[in-house]
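The structure under discussion appears below in the form of structure tokens.
The values are calculated or read from the model by the stated rules, or taken from the named source; none is laboratory data. Keep in mind that what you see is a predicted model, and the values were worked out from it rather than measured. When we count neighbours, we look across all protein chains shown, and the Cβ atoms used for this are built from the backbone with ideal geometry, even at glycine. Only protein heavy atoms, including side chains, enter the accessible area calculation; ligands, DNA and RNA are left aside. Shrake-Rupley method; radii C 1.70, N 1.55, O 1.52, S 1.80 Å.
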Amino acid sequence: MKKILLTFFGAFLLANCNNPQNNQVERIATIQENDTAQKDISTVDSLLEKVQNVYDDPYRVINNFEISFGDPFIDSLHKAYSEKGAVSFKKNICMGDNCESWKTIVNKKENATLYLFKGDGSEYGFSNDQFFLRNDSLAYVRNFTVGIDTWPTDSTNTKWKIEEVVYHFQDKVPHTTTRTVFTNALEQFDYTLRGVKAKISKDFNTEKLHQEKSLELKQLLEMKEIED
């Protein structure tokens, strides 16, 4: 009986000696798991923040027109006409994957109209377009687009193409100016394209291009909201 008790007591002591070590191992494993989980959460939060920054950029938000578009002529017209002209809005008009909002400013005194469009194609990119009409004819058009140039792979990020094309229809010598930039990161990108050199082209069919841009404006204005 005594031998049995000694054996039991020895086993009890051994168990008490081993338990703290086991508990310590378990605690370390738990801490490591928590650290890993925390790092995963931090990574996800960081990615979400980057995505949120991309989608919340005032240049992209389709109902925010109180921005500098980066075109001195359009920006000056926008400021002057907003103070003197008749302003109206159309917001959140969707067709397929793309949603558009636009601001119209009519200056009756100058017989001029300025349209400012902002479109969002979700993960495919977005656009800012301005059309200026004088005496019911297109005088100036600016198309600004952010779209996918190269799709991502397992080892590469999405390559984005940012391009601005401006059509000067009523200048003495009609011409277009183009600025193009490529980037793999849209967060904190300067969409005014400051410092980007423009390529000038004067060799194009003005009448044909004028008709194409007039049709483009007409189609934008005729967009109808698609109900789910």
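Checking each residue in the stretch 202-215 for being free of Cβ contacts under 8 Å to residues at least 40 places away in the same chain and not polar (S, T, N, Q) picks out K202, D203, F204, E207, K208, E212, L215.
This table checks each residue for (1) modelled with pLDDT under 95; (2) touching a helix residue (DSSP H, G or I) at 6+ places or on another chain (Cβ under 6 Å); (3) under 22 Å from L217 (Cβ atoms); (4) not small (G, A, S).
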{"site": "S127", "(1), (2), (3), (4)": "no, no, yes, no"}
{"site": "Q130", "(1), (2), (3), (4)": "no, yes, yes, yes"}
{"site": "R134", "(1), (2), (3), (4)": "no, no, yes, yes"}
{"site": "A139", "(1), (2), (3), (4)": "no, no, yes, no"}
{"site": "G147", "(1), (2), (3), (4)": "no, no, yes, no"}
{"site": "T153", "(1), (2), (3), (4)": "yes, no, no, yes"}
{"site": "V165", "(1), (2), (3), (4)": "no, no, yes, yes"}
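In a residue-by-residue description of the stretch 51-64, the property of being assigned to a helix (DSSP H, G or I), modelled with pLDDT of 95 or more, open to solvent by 60 Å² or more (accessible area, probe 1.4 Å) and of a type in the set (A, V, I, L, M, F, W, C) applies to no position. Scanning the stretch 207-228 for residues that are in contact with a strand residue (DSSP E or B) (Cβ under 9 Å, 6 or more places away or on another chain) and either of a type in the set (V, I, T) or in a loop (DSSP other than H, G, I, E, B) (or both) turns up M223, K224, E225, I226. The set of residues from the stretch 71-100 being under 20 Å from G147 (Cα atoms) and either part of a helix (DSSP H, G or I) or open to solvent by less than 20 Å² (accessible area, probe 1.4 Å) (or both) comprises D71, E100. The set of residues in the stretch 159-201 being touching a residue at least 24 places away in the same chain (Cβ under 8 Å), in a strand (DSSP E or B) and surrounded by 17 or more Cβ atoms within 10 Å (Cβ to Cβ) consists of W160, I162, E164, V166, Y167, H168, T176.
Can you tell me which residue in the stretch 101-142 is most open to solvent (accessible area, probe 1.4 Å), limited to those that are more than 17 Å from K213 (Cα to Cα), of a type in the set (D, E) and not in a helix (DSSP H, G or I)? Once the filter is applied, the top-ranked residue is E110.
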